[in-house]
Every structure is written in C-alpha cells, then in structure tokens.
Amino acid sequence: MSVVAGELRSDVGATFDVLSWELELAGARCIFLDTLIGKLLGTVAPEHREQLIEGIQAVDLLSQHLTGLSTFARGLSQTVAAQEQIEVGAALRSVTLGALADRMTSSFGGDEAGINDGDEAGDLDLF
Amino acid sequence: MNMVNPGTRILIADSDRAVLEMLQIRLDLAGYHALAARSGPAALEMAHNMRPAILVLDLAITEMSAFEVLAALQRDVSRPCGQILLVGKRLGVEEVKRGAALGVRACMLKPFSGADLVERVGKMLKPASPERPPANGFGSRVAPAARPAPSSNVFI
C-alpha cells in the first residue's frame with residue numbers, strides 16, 4: 001500500500017473530476033475487453049459462442065454503466081462550489097488496489113504533499 | 001464515424017495517469033497509434049522521435065510548463081508535431097491566446113470524456129474542417145477565465 005497516513009484535502013469539484021476520470025478509465029478498459037472478446041468469437045467452437053456473446057453483452061452493459069456514472073460525476077463537478085474542501089485521505093486509505101490509490105492520490109495533489117510514496121509495484125499492469 | 005488512417009500517431013502529454021491511460025485506450029480503439037508522455041521533457045523527446053500528427057498537451061504538465069513545451073516545439077525547425085491540442089482545467093482566454101501564439105490549433109476544457117477527445121482529434125485531422133470559425137478565431141465558444149462550462153472547446 002503506497003498511501004501513507006496524512007491528511008489530504010481536495011475541493012469537491014476536483015474530487016468528482018477524479019472520480020469521473022477513474023470511472024471513464026474503467027469504462028475504457030471494458031471497451032478494450034469487449035473488443036478482445038469480439039475477436040475471440042471467431043475462434044471458439046460454435047457451442048461456446050452463445051456464452052461468449054452473453055459475455056460481450058455483459059461487458060458492453062458494464063461499459064455503458066461506467067460511462068454513464070462518469071458523465072454524472074463530471075456533471076456534478078461543474079455544479080458544486082469550487083471552494084468547498086473535503087478530506088479525502090482517509091477514504092483513499094481504504095482503497096486497496098495500489099495502482100488506483102496511487103493514481104487518485106497523485107490526482108489529489110498527494111505527490112506534492114508528500115503523501116504518495118510513488119511506489120507503483122505490486123499492481124497488475126495490463127497495458 | 002471518422003475514417004482513421006491506421007497508425008496515425010497521437011501523442012498525449014498529461015501527468016495524470018488515469019487521464020493518460022484512458023485516452024490511450026480510447027485512441028488505440030479508435031484506430032490511432034497513441035503515445036503517452038507524463039512530463040514536459042518526455043513529451044518533447046517523444047515528439048522529436050515519433051513525429052505525431054497531433055500532440056494533446058495538458059496545461060498542467062509537470063517538470064516544464066505547457067508554454068515552455070510549446071515554445072521549444074516552435075523553436076524546433078524540424079516541426080516535430082503536425083498539430084497541437086491544448087487541454088486543461090484552467091484554460092481561460094489568456095491561456096488560449098498565449099497557446100495560439102505558440103502554435104496551438106485547438107483547445108479543450110477539462111473535464112471531457114474520451115469520446116469527446118476522439119471526436120476532436122478526428123475533426124482536427126480532417127483536411128478542411130467545416131467547424132473552423134472565421135478570422136477572429138474564438139467566437140462565443142471561448143472558455144471564460146473562471147470556471148468553464150462543460151465540454152467547451154475551441155478551434156483556433
């Protein structure tokens with residue numbers, strides 16, 4: 001875990017922005033997966049295709065779900081008062097996926113605040 | 001849907017890893033060859049070596065200011081980037097004007113979606129964009145200096 005104890009504050013709009021980017025990133029990974037499954041479709045035996053098609057539909061739905069939530073978070077970021085600050089450090093410490101916690105901490109200015117140790121190890125980098 | 005010339009190189013220069021990765025996936029899936037740089041010096045080096053058709057440059061890039069990157073690119077007589085798209089949260093009229101003087105072709109205000117960026121890149125790569133505004137360049141779509149409206153963007 002690369003987020004160490006310490007207070008990290010962010011304005012509410014920026015917090016929604018960071019959430020929005022992360023949701024969109026998850027959505028983009030789903031689209032990547034969707035494309036990959038689509039390519040596999042032609043290589044599997046006909047009796048397994050239906051299952052794969054169900055998988056494509058589920059991933060597509062998940063992608064749309066995440067993109068919709070990202071759009072919602074982006075919309076909220078535009079409507080909240082810019083000066084309102086919240087403490088995000090405690091919530092970030094409960095994020096157990098190291099790469100996600102690191103990225104979000106950096107986005108909240110944690111690198112400058114010395115909260116992120118910059119350790120990117122221990123994560124599964126697919127791309 | 002835009003027709004993409006396969007392998008058209010797009011360089012994204014942004015210090016935010018989520019933004020960088022999301023845009024890279026989106027552009028790759030759209031058929032472009034997306035390249036990523038997380039700092040100003042890395043963006044300059046990659047631009048020089050890879051000669052992208054478009055550089056997507058974040059205003060808040062680290063280690064050098066975005067304007068220092070733009071000035072360095074302008075000084076480079078080999079013209080390493082085809083076009084430059086400046087993106088950022090705090091893009092106001094002054095930043096747009098300063099960017100335009102340093103070779104920026106279009107601007108986009110953050111936050112935007114990956115789909116928005118892919119669409120913008122596609123329009124920039126079209127030979128003659130019908131959206132291109134007349135001489136004054138900015139029109140009513142220019143970003144206000146304060147908090148911008150969502151999805152605002154401008155061709156210069």
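Of the residues making up the range A:71-103, those that are modelled with pLDDT of 90 or more, of a type in the set (A, V, I, L, M) and assigned to a loop (DSSP other than H, G, I, E, B) are A:Val88, A:Val95, A:Leu97.
Being aliphatic (A, V, I, L, M) and more than 11 Å from B:Gly82 (Cα to Cα) is the filter here; which residues of the range B:40-49 pass it?
At the first step, the residues of the range B:40-49 found to be aliphatic (A, V, I, L, M) are B:42-44, B:46-47.
Of everything in the range B:40-49, those that are aliphatic (A, V, I, L, M) and more than 11 Å from B:Gly82 (Cα to Cα) turn out to be B:Ala42, B:Ala43, B:Leu44, B:Met46.
Here B:Ala43 fulfils each of the conditions (1) modelled with pLDDT under 95; (2) touching a strand residue (DSSP E or B) at 6+ places or on another chain (Cβ under 9 Å) apart from (1).
Which one of these is surrounded by 14 or more Cβ atoms within 10 Å (Cβ to Cβ) and either away from chain B (no Cβ under 14 Å) or more than 24 Å from B:Ser113 (Cα to Cα) (or both): A:Gly27, A:Gly89, A:Gly42? Residue meeting the stated conditions: A:Gly89.
Residue-level check: of (1) at the interface with chain B (Cβ under 10 Å from one of its Cβ atoms); (2) closer than 27 Å to A:Asp111 by Cα, A:Phe32 misses just (2). B:Glu21 falls short of the stated requirement of being away from chain A (no Cβ under 12 Å), part of a helix (DSSP H, G or I) and under 27 Å from A:Ala14 (Cα atoms). Just one of the numbered conditions (1) closer than 24 Å to B:Ser113 by Cα; (2) at the interface with chain B (Cβ under 10 Å from one of its Cβ atoms) is not true of A:Val12; which one? Unmet condition: (2).
Checked against the criterion of being within 14 Å of chain A (Cβ to nearest Cβ) and out of contact with any Asp or Glu (no Cβ under 7 Å at 6 or more places or on another chain), the range B:62-82 has at least one qualifying residue.
Each residue in the range A:64-82 was checked for being facing chain B (nearest Cβ under 9 Å) and of a type in the set (A, V, I, L, M), and 2 of them qualify.
Reported count of residues in the range B:60-98, each being basic (Lys, Arg), closer than 26 Å to A:Glu112 by Cβ and outside any loop (DSSP other than H, G, I, E, B), is 1.
Quick one: which of B:Val69, B:Val87, B:Val77, B:Val19 is hydrophobic (A, V, I, L, M, F, W, C) and under 12 Å from the mean Cα position of the chain (by Cα)?
Working: B:Val69 fails: under 12 Å from the mean Cα position of the chain (by Cα); B:Val77 fails: under 12 Å from the mean Cα position of the chain (by Cα); B:Val19 fails: under 12 Å from the mean Cα position of the chain (by Cα).
Within the list B:Val69, B:Val87, B:Val77, B:Val19, the selection yields B:Val87.
Is at least one residue of the range A:50-63 assigned to a helix (DSSP H, G or I), over 30 Å from A:Asp111 (Cα atoms), more than 14 Å from chain B (Cβ to nearest Cβ) and among the β-branched types (Val, Ile, Thr)? Looking for residues that are assigned to a helix (DSSP H, G or I), over 30 Å from A:Asp111 (Cα atoms), more than 14 Å from chain B (Cβ to nearest Cβ) and among the β-branched types (Val, Ile, Thr), one finds at least one in the range A:50-63, hence yes. Could you tell me whether A:Thr67 is of a type in the set (Val, Ile, Thr) and surrounded by 14 or more Cβ atoms within 10 Å (Cβ to Cβ)? Yes, satisfied.
Return yes or no: is A:Arg29 under 22 Å from A:Ala101 (Cα atoms) and part of a helix (DSSP H, G or I)? Judged against the criteria, A:Arg29 is a match.
Note on the range B:111-125: residues that are free of Cβ contacts under 8 Å to residues at least 60 places away in the same chain and either more than 14 Å from the chain's Cα centre (by Cα) or farther than 18 Å from B:Arg9 by Cβ (or both) amount to 4.
The values are calculated or read from the model by the stated rules, or taken from the named source; none is laboratory data. Keep in mind it's a predicted model, so treat the numbers as computed, not measured. Positions of Cβ are backbone-derived with ideal geometry, glycine not excepted, and every protein chain shown enters the neighbour counts.
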